[in-house]
1. Probe 1.4 Å, all protein chains in place: accessible area of A:T95 in Å², nearest 10?
2. Which whole number gives the average, over all residues in A:68-74, of C-beta atoms from other chains lying within 10 Å of the residue C-beta?
3. In whole Hz, with x marking every Gly and Pro, tabulate ³J(HN,Hα) for the range A:313-324 from phi via Karplus 6.51 cos²θ - 1.76 cosθ + 1.60, θ = phi - 60°.
4. For every helix of n ≥ 4 consecutive DSSP H residues, a contribution of -39,500 (n - 2.57) applies; sum these over chain B, divide by its total residues, and give [θ] at 222 nm rounded to the nearest 500 deg cm²/dmol.
5. Using only the Cα atoms of the range A:1-60, each taken as one equal point scatterer with no solvent, compute I(q) by the Debye sum, divide by I(0), and report log10 of the ratio at q = 0.13, 0.19, 0.22, 0.24 Å⁻¹.
6. Let me see the pair-distance distribution of the range B:1-114: every alpha carbon pair, 10 Å bin width, integer percents in order.
7. Got a sec? Charge dipole of chain A, +1 on Cβ for Lys and Arg, -1 for Asp and Glu; which of A:F140, A:F284, A:S53 is way out at the positive end?
8. Based on Cβ point charges of +1 for Lys and Arg and -1 for Asp and Glu, what charge dipole magnitude is obtained for the protein assembly as shown about its Cα centre, in debye rounded to the nearest 20?
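The values are calculated or read from the model by the stated rules, or taken from the named source; none is laboratory data. In this text, all values refer to a predicted model and were calculated from it rather than measured experimentally. Cβ sites come from the backbone with ideal geometry, for glycine too, and all protein chains shown count toward neighbours. For the accessible areas, the whole protein counts, side chains as well, though only heavy atoms, and no ligand, DNA or RNA atoms are used. Shrake-Rupley method; radii C 1.70, N 1.55, O 1.52, S 1.80 Å.
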Amino acid sequence: MKAFTTLYEKLDMTTSTNAKVLAMVNYFATVPPQDAAWALYFLTGRRLKRLISSRMLREWALEMTGMPKWLYEDAYEAVGDTAETIALLLDGGRTTDEAETILLSEWMMQRILPLQNMTEREQYDAVTRWWKMLDMREMFTLNKLLTGALRVGVSQNLVVRAIAEIAEQPTAVIAHRLMGNWEPTEAFFIQLISPEAEVSDISRPYPFFLASPLEQPLETLGNPADWLVEWKWDGIRSQLIRRGQETHLWSRGEDLVTDRFPEISDHAALLPDGTVLDGEILAFQNEKPLPFAVLQRRIGRKKLTKSILEEAPVAFLAYDLLEFNHEDWREKPLEQRRRQMEQLVHQLGGPFRVSPAVQVQSWEQATVLREESRERNVEGFMLKRLDSTYQAGRKRGTWWKWKIDPYTVDAVLIYAQAGSGRRANLFTDYTFAVIHEGQLVPIAKAYSGLSDKEIQRLDNWIRRHTLDKYGPVRVVEPCHVFELAFEGIAQSSRHKAGLALRFPRILRWREDKTKDEADTLENLHQLLNNHIAIREGA
Amino acid sequence: MTPLIIQDEKGLYCPAGDFYVDPWRPVERAVITHAHGDHAYSGHQAYFCTRLSSPIIQQRLGKLERLKALEYGEPIEFGPVRVSLHPAGHILGSAQVRIESKDGVWVVSGDYKRTFDPSCNPFEVVPCDTLITETTFGLPIYKWQPGEKVAQDILAWWETNRLAGKACVLFCYALGKAQRILAELAKLTDRPVYLHGAIASLIPPYEAAGIRMLPTIPVSEMDKNHSYAGELILAPPSAFKSPWLRRFDPYETGFASGWMRVRGAKRRRGYDRGFVLSDHADWSELLQTIEETGAHRVYATHGNSDTLVRYLNERGLEASALKTQYEGEQEE
């Protein structure tokens, strides 16, 4: 656990990508493969089901030390993280000789995972015993593993680079081997870095090719005839795999969603074996997409009832073909992949559609057409070079997303709360309100969008202008106006304002405005009504 | 009973003896606990401090005509009260102020620590009825390791970068922390250390007091193109992210401070490494000190005073917070 803790600290402290890769290479090159497998599991953002809640850890720490709860809370306020607060409070100075020798994989397999089958008392005994064995740093790692909240500041791309360096393999090969479901075992890691292509797992998806935001003028893209223009759908990016008479549907977050969308998965049985499609799952009716909120109703459900299936009908809009007749087609030009894909999908029918190519003669025409995006429930355009290969991850140059500008609203800061981690101790979580009949009604929370300097300045102001405190929440003088951007708006009975904003974030601090110049709730309801009217085709 | 110390707009005032302790506005008579800027202000008519503090205070404030330097423990009478200074273990010459009258004994701790520090006299427990204690790190998350252990970590960092051909720029407070680090490292190595000007000028008073430190070289004496590969440089936090650092490239940065105990604070500042090293008392040292002095009344100043006050109150001790202008160890 010490080596993994040191790696975690290095990744946490540096912002240099080269230093991060170097730290990972050194780690993977020196630990046994079973430990490397577990480290990789966490570095790639995989998580164990939460074994122990933060609340339990806190209660056990209080029980073990007899510390008053308010004192713990004071400490927590200065730290902003349960795992770290406990580690700092219980810090006994050093790791015992016995604990020094325990490998990360042994911690996971022999100690942490078996907690699942224990009573709460047994869990308490085990965890408090471990706390006494570890120094502050390792205790912090342990707590993070127990609560399933270990987040490492490293991108999938960098992890792939590090493994590729160890394995002396191209990054695309490693990225592919890391996709889908795998268990953190010694055998997996050895296979991952081996020069030989392994027997492929039939459910394994290809790494998604991700488009980059278009920042340069359209003219620099050259002739529009060299490009495929598609609407940018607001659904779930997915990969559909038909191999070995089985269907697997993966979301872009690498979750298996096969069972979430039975109408798609069942119908996919008609595909020829050895086919992989890239596309978008949308809530879809009368050949038109429905709002994302409709699709969301399907996502969180444990059980899909008949009525849910009827309320939220779905379609799979295919836009690419990655594998055909068991052959990897990613190196073929998009034009060829797409032609074959269209043929397959037209035969397939059912909930499957081709994401249509939007015909434009010029970029000017595309610019005009893009204005229809909102009415069409799409987010803008995707631009893909017709001769492009299907690459792994986010690579600039041949695929661009050209999104429409977000909605904006001017809102007043009313509450602030301290952040966590790097932003513990700083007020960085804000609640904003708009005006309604002379009162301020909260409409959104936003965390990001200000520069470090602005955060500092606002933090300072908040500390001196707090009107009231509710637990960690500060009520501040309502006077600062911020322009918020958001992607969508929906009715919501759970919010006092009667509506909810999608992806709200701070665009800029409007120091030129006073609170009376903020937007009204009526403005937002007007926007919401327009939205509904458009969606219902009225 | 009238209190021996009260607080007014100029600082901590002793009405019976008509003097202030570490006042932040000009007064007639000022007893100065130590030479840090938020305790030793200029403009007072008469200064009282320890013999070890006196040269440092005058180096910072200029020659002081009316300054009385006292040995630790040497009594001085201010009317009906008797005052003496006792080691606080914070930096060279730092003192607690013991004030005795017929009504009892009060102690103003000034800044202090109990952790061993080879660059100053160790803290002395002064029994008293009322203790005015600092609480810069008054939360149970603050727990210090011995300075020797931290010095080993600094040396290991230095060694790693030396092998990589990089310089180590370690930021620390120019007065006290820098000399403590040099004294701790002197037990482990004999390699010379380079110093920023603000630190270099504070080495002589420590040398004069016979503190054994690593040999040092001011950066200002080096050629502009001198290579610092593999060297350790000490600099004050104000030099962080300044153009002065360019000459050390390639280098890594570290910060030695009690604030480095918390991960968020460490990451927010952007140093490559944080070394947890403080010249203030940690939580257990605060409690230990309060208990050992036998004080039955405690006033807490700066930092997390509310937390300590509530903790002591729940344990049946009379305690409250004093609002002062002392800054303790700055979060910068």
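1. About 10 Å², ignoring ligands and nucleic acids.
2. Per-residue shielding by partner chains comes out at 4.
3. Listing the rounded values in order: x, 10, 9, 10, 8, 7, 10, 8, 10, 9, 9, 9 Hz.
4. Value at 222 nm, helices only, nearest 500: -6000 deg cm²/dmol.
5. Per q value, in the given order, log10 I(q)/I(0) is -0.43, -0.78, -0.92, -1.00.
6. Final binned percentages: 15, 52, 30, 3, 0.
7. A:S53
8. About 540 debye.
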